[in-house]
Structure formats: structure tokens, C-alpha cells
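Below is one structure, written out as C-alpha cells, with a few remarks after it.
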Amino acid sequence: MSPPVALLLALLALQPSLMVAARDEVDTEVLFMPENCTQKSKKGDLLNAHYDGFLAKDGSKFYCSRSVKEGHPQWFVLGVGQVIKGLDLGLTNMCPGEKRKVTVPPSLAFGEKGKGPVPPNATVVFEVELYAVSRGPRSMEAFQEIDQDMDKALTRDEVRRYLKLQDEKTGSGSQDETFYNKVVADVFRKNDVNGDGSLSVKEYNVYGHDEL
Ligand SMILES: [Ca+2]
Ligand SMILES: [Ca+2]
């Protein structure tokens, strides 16, 4: 066999695996980038975002965060599986204020079975608007920073105060009180497991953050 033919066959043999690799990747496209980006999202950060989900095949919308949970932005920790894997990957290195289009293959979205309105083996597209990035929310440093009176419990007021402080630090501008009330309500709904109105260290640090 002459070398060029061998090379060609080798390339052909390689192609299927290349295609598999491409299918398992998330494609991101920046739709809007704010002028100032003081802080980029990373694993373990607490993000606040609105997102719309579409089916890639026909563009139909299957999810809109504006029409669930009273329409307020979703609050989640990045990189720990609170959202589908494709979003955990596709929303990293993102700035507060940025808008992004994330195309996610089924293997990193709803898989072979699909889920609810998403059919089996569907590639999905999310349009995401990121409002806030809070640094290392699950670290003990952050807990101590939030816990103003150092009683090892976080009240709603302490969390609210911390969020405002973060917004001032990042220069993303203060939101109105309604915004903070909703975010705080969200945080407590998800984390205040025993419902006593404050977050213990254990309730707060449920994800085993890298920085601990
Ligand atoms: Ca406290
Ligand atoms: Ca509690």
C-alpha cells in the first residue's frame, strides 16, 4: 500500500471519532458583551440568570424562565449539576450583563430519552442573560463574610446585604429591593432545609466546594 493511500485510510478511520467528539461539545456564541467585565463566572459561583430554551431542529421554545417561578431569574451554583451539563459548561467565563447563545448536544442536555417537551436525542439551544455572579459562595470565607454577627447562621438580611455588596463591588449596579427580595427568597427556598429562616454552615455548604 502506497503511503498516500494509507494516510487517506487513516484519515477516514479517524473521522467517526472526530464526529463523536464534535457532538459532545457545547457551542457558545456571545450575543451581547457589557463594556466592563469585572468578574467572569467559574465553577462554584452563584449565578443569577434568565434563560429561554429552544429545540435546535425547529426553533420551538420549550422553556422560558420568565414564565415560571413568578418570572424571576433563576439562581443556581455553576458546575455542580444544578442545571444540565451543557449549561454548566456553556456558562463558564461569562460576565454579569452578558448574553449568550449556548447550543447543547443531547448527551449534555436531556439525552436519549428527552424530558417533558424535549423529545429524545434533541439538540437544544439556550439563550441566556446573566445578571449576577457571586464569587465562591460556598466557601467558608464567603460564609464568614456574609455572617455579619458571626453567630454561624445566615439570616435573610445578612444574605441580602451581602448580595448588594457584591453588586457594588462588581460595579454591575444595584438592583431594586424587589429583585433582592426575590433572590433571597429563592436562596432560602433551596437551602433552608429545616425551614428555620436561617442558613447553617451545613445548609449553606451542601455542594462541597473546591475552595473548602
Ligand atoms: Ca448571622
Ligand atoms: Ca435553616
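Read-outs: derived from the displayed coordinates by stated rules, not from any lab. These numbers come from a predicted model, not from an experiment. Virtual Cβ from ideal backbone geometry, glycine too; neighbours counted across all protein chains shown.
Points to keep in mind about this one:
- Cα-based equivalent ellipsoid, the range 56-165: semi-axes from gyration tensor eigenvalues, Å: 33, 14, 13
- In order along the range 79-84, the phi-based Karplus estimate (6.51 cos²θ - 1.76 cosθ + 1.60, θ = phi - 60°) of 3J(HN,Hα) comes to x, 10, x, 6, 10, 4 Hz; Gly and Pro are listed as x.
- Förster-model FRET efficiency, 41 Å R0, residue 196 and residue 58, C-beta, rounded to 0.05: 0.30
- Cβ-defined net charge surrounding residue 29, 14 Å radius [Lys, Arg +1; Asp, Glu -1]: -2
- Local charge for residue 125 was computed over the other residues whose Cβ lies under 12 Å away, with Lys and Arg +1 and Asp and Glu -1, and equals -1.
- Within-12-Å neighbourhood charge of residue 54 [Cβ basis; K, R +1; D, E -1]: 0
- Residue separation of residue 189 and residue 112 scaled by 0.36 nm, minus their Cα-Cα distance, works out to 24.6 nm of gained length.
- Given R0 = 30 Å, the distance between the Cβ atoms of residue 101 and residue 151 translates into a calculated FRET efficiency of 0.10.
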